[in-house]
1. Under 7 Å by Cβ, and 6 or more places apart or on different chains, what pairs join a residue from the range 52-65 that is touching a residue at least 12 places away in the same chain (Cβ under 8 Å) with one that is buried (at least 17 other Cβ atoms within 10 Å of the Cβ) and of a type in the set (Ser, Thr, Tyr)?
2. Read through the list (1) part of a helix (DSSP H, G or I); (2) buried (at least 19 other Cβ atoms within 10 Å of the Cβ); (3) modelled with pLDDT of 85 or more, then give the number of the only condition that Gly5 fails.
3. Does any residue in the range 155-177 that is assigned to a loop (DSSP other than H, G, I, E, B) come within less than 6 Å, Cβ to Cβ, of a residue that is of a type in the set (Phe, Trp, Tyr) and modelled with pLDDT under 70 six or more places away or on a different chain, and which pairs are these?
4. Quick check on my filter: what residues within the range 129-164 are within 19 Å of Ile31 (Cβ to Cβ), among the aliphatic types (A, V, I, L, M) and at pLDDT 75 or above?
5. In this structure, does Tyr284 turn out to be modelled with pLDDT under 85, surrounded by fewer than 17 Cβ atoms within 10 Å (Cβ to Cβ) and not aliphatic (A, V, I, L, M)?
6. Please indicate, with yes or no, whether at least one residue in the range 208-225 is in a loop (DSSP other than H, G, I, E, B), at pLDDT below 75 and basic (Lys, Arg).
7. Could you grab me the full set of residues in the range 311-350 that are of a type in the set (Val, Ile, Thr), closer than 18 Å to Leu79 by Cβ and surrounded by fewer than 18 Cβ atoms within 10 Å (Cβ to Cβ)?
Amino acid sequence: MVTGGSIANVICNMCTTSPKFGGKSLIDYDIALSSQPCMLLGVSLGVICNLVFPEWLITVLFAIFLAWSTSKTCKSGLLFWKAESEEMGKNGLEELEKGLLENESVEERKVLARVYKENNELKSIEVPLLVPQGKTKVKIPLLKLVVLLLIWFSFFSVYLLRGNRYGQGIISMEPCGVEYWILSSIQIPLAVVFTAWIVFRKESLRERTLIPELTDKKVPGLTRSKLVFPLMALLAGVLGGVFGIGGGMLISPLLLQFGIAPEVTSATCSFMVLFSSTMSALQYLLLGMEHVQAALILAIICFVASLIGLLVVQRTIREYGRASIIVFSVSIVMCVSNVLMTSFGAIKVWEAYESGEYMGFKLPC
């Protein structure tokens, strides 16, 4: 389901540019590159934890983390709404000044225009030119996409060689034996090597994604750390693997807290979730997942629903000029998801308790 929804989001976001960010794509490929190896490692660890943890513990952890994420996202949405309102207020004052100038005499307008021109000549050196609202050619960084695919296939190769917990794989080995866990542990050096190569060779993240007013108030200096995004991705990947959801739902509040613009946060998280969710889905398939046909049908439904929702949200943002709508939309989805999934999880746990099923920790194999 998560994979189907993320595919729709990525297709739209890769073909969309924004004059607000200099005509660039909404997806921040730099954040995705620095975060993806750790997120995939986190998904693998989370899937193992999902097999070990009892159902009641997963339900409790899910309710706690999603409630925290919802609260943080709502607070970020209010901050962005306030910033947008202040920006609109400034624009309104400029329009009011323009209207007053039109009522002045011709001579007064000439004098004011001359003074305004002289002041702008000094400021024009510092202020970059805005990208026109017209057609902007979409530039897709093929090299970064190739690196991302290389990372994905590196982790996927480990899963193919290792096989599932029943020993069904390319290499014949004892189920959950020494060779099985050695192959599984290769993911750790893979993630470390890829992250170190990307982070320490890459220049600082693009300033267009950050909102200085928010980053300075929140965690000054911390956003400059090169390991912030990989660590956040690792945590989101683990939790996403445990709960069986996309890590983007959990990493979105963190990116918003660090001052990443809502449009960029939404697009980048969807892009990252596409990789992590496909990896998670393939691992569940290799581990013996049931009802595959039903999952495919639900994925198609999620694809169509996400596409419709994305187009509606984009049109609303263009009409009202408030990107914070994205943040509030995510908050609503997270709140509803928390209530529904926690409720169904609690019912399932209660049924297991009444039937006398074992409710403790289990072995991964």
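The values are calculated or read from the model by the stated rules, or taken from the named source; none is laboratory data. None of the values given here were measured: they were computed from a predicted structure. Please note: Cβ atoms are built from the backbone with ideal geometry, for glycine as well, and neighbour counts cover all protein chains shown.
1. Thr59/Thr342; Phe62/Thr342; Ala63/Thr342
2. (3)
3. These pairs meet every condition: Pro175/Tyr166.
4. Filtering the range 129-164 down to residues within 19 Å of Ile31 (Cβ to Cβ) leaves 138-152, 155.
Now narrow it down to the ones that are among the aliphatic types (A, V, I, L, M): 138, 140, 142-143, 145-151.
Scanning the range 129-164 gives Ile140, Leu142, Leu143, Leu145, Val146, Val147, Leu148, Leu149, Leu150, Ile151.
5. Values: modelled with pLDDT under 85: yes; surrounded by fewer than 17 Cβ atoms within 10 Å (Cβ to Cβ): no; not aliphatic (A, V, I, L, M): yes.
When the stated conditions are applied, Tyr284 does not pass them.
6. In the first step, residues of the range 208-225 are kept if they are in a loop (DSSP other than H, G, I, E, B); the result is 211, 219-221, 225.
Within this subset, residues satisfying the condition of being at pLDDT below 75 are 211, 219-221, 225.
Subsequent filtering for residues that are basic (Lys, Arg) retains none.
Within the range 208-225, not a single residue is in a loop (DSSP other than H, G, I, E, B), at pLDDT below 75 and basic (Lys, Arg).
7. The initial filter retains those residues of the range 311-350 that are of a type in the set (Val, Ile, Thr), namely 312-313, 316-317, 325-327, 330, 332-333, 336, 339, 342, 347, 349.
Those left that are additionally closer than 18 Å to Leu79 by Cβ: 317, 325-327, 330, 332.
Ile317, Ile332 - these are the residues of the range 311-350 that are of a type in the set (Val, Ile, Thr), closer than 18 Å to Leu79 by Cβ and surrounded by fewer than 18 Cβ atoms within 10 Å (Cβ to Cβ).
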